[in-house]
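Rule-based calculations on the coordinates, nothing more; no lab input. From a predicted model like this one, the values you see are computed outputs, not experimental measurements. Counting neighbours? That spans all protein chains shown, and the Cβs are built from the backbone with ideal geometry, glycine included.
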Amino acid sequence: MYYQQIKQIMTKFRCLPNFWIYKIKPTTMDYQGLKQSIEKNGYQFFDEGELNLNFIWCRNDYHATNHFTDDLYIAYKESNIEKVLNVKCTTKPGLKGSLYNPTTVEGIKGTAVIQEGQYKGAWKFIDSYDEFSKYPFFQQIKPINYWRDGDKDEEIDETNAQLNKIFGTHWHKMSNVGDKRKIEDFMVNNWSLGCCGAPIVEWDNVIELTRKSVKLWGNTYTGTIISKEKL
């Protein structure tokens, strides 16, 4: 933990040595590649119609970097053209105020981590600036499966399963409005206690696309959490 605290202080004052600077680069997956991988793992891929959004949250590793090092792929068709929106995100909790400070829920002490899987219709798009986070978000509305990690290290442990629960793990923005720093400069910390999301510079792209989709498909969405190895 001492190591991480020193790192956070150096990040704040922009004096990180090169080996501590995260090089967060966009990754690329095409529509057909995502479709094949999702179906190969036994999940449903929504291939019919315009703007039928597939939310595919790729957990690139199980190390809690406290940065946005995972990938959200939204695969869809528009004007019969296959498209993929790639957003740098996190599917893992942050450190300060989250993994470093686990809470007890239903008798288990730990921070929530969404288990890999596909959760159909489990999130509802709320296009409001008055509710949670004061910004458009996706509210969890159906039960999903969790691990609960309580050992305070920087590795995500698949322990303490809690199945078919609603713990309020929404998809949402994870930075302040108006913050336009580079993606590498953002830290997760207590923006995520198990939620998935991205800094607002990335999140706005998700909101723009979803607003077009809602007009055709309604406001409930399926989310697939999948490891990089399976994708």
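Miscellaneous remarks
- Segment residue 62..residue 142, full-extension length gain: 26.3 nm, with 0.36 nm per residue of separation and the alpha-carbon distance subtracted.
- Expressed to the nearest 5 percent, the antiparallel share of DSSP beta bridges inside the chain is 80 percent.
- Its Kirkwood hydrodynamic radius, worked out from the mean inverse distance over all distinct Cα pairs, puts segment 99-171 at 13.3 Å.
- Summed side-chain charge close to residue 225 - residues other than residue 225 whose Cβ falls under 12 Å, Lys, Arg +1, Asp, Glu -1: +1
- Label-zone membership for segment 202-230, site residue 131, 7 angstrom Cα→C-beta point, backbone N under 20 Å: 203-224
- Each label point was placed 7 Å from the Cα along the Cα-to-Cβ direction; for residue 214 and residue 106 their separation is 3.0 nm.
- Links that overshoot a 20 Å alpha carbon limit, given the list 109/134; 35/173; 96/120; 92/228; 152/228: 109/134; 35/173; 96/120; 152/228
- Stokes-Einstein translational diffusion, segment 49-197 - Kirkwood Rh over all Cα pairs, 0.890 mPa s, 25 °C, in µm²/s: 153 µm²/s
- A simple spin-label model places the labels of residue 29 and residue 52 1.9 nm from each other, with each point 7 Å out along Cα-to-Cβ.
- Label-point separation, residue 229 to residue 78 (7 Å along Cα→Cβ), nm: 3.5 nm
- Using 0.36 nm per residue and subtracting the Cα-Cα separation, the extra length available between residue 40 and residue 154 on full extension is 38.0 nm.
- Computed over segment 75-231, relative contact order equals 31 percent, with contacts defined as Cα pairs under 8 Å that lie 6+ residues apart.
- Under 5 Å from the amide H of residue 71 lie the amide H atoms of 58, 60, 89, each residue being 5 or more positions distant or on a separate chain, with H modelled from the backbone and absent for Pro and chain starts.
- When peptides 42-54, 200-212 are sorted by average Cβ neighbour count within 10 Å, with the highest value leading, the order is 200-212, 42-54.
- Amide H contacts of residue 159 (H built 1.01 Å from N, under 5 Å, at least 5 apart or other chain): 148
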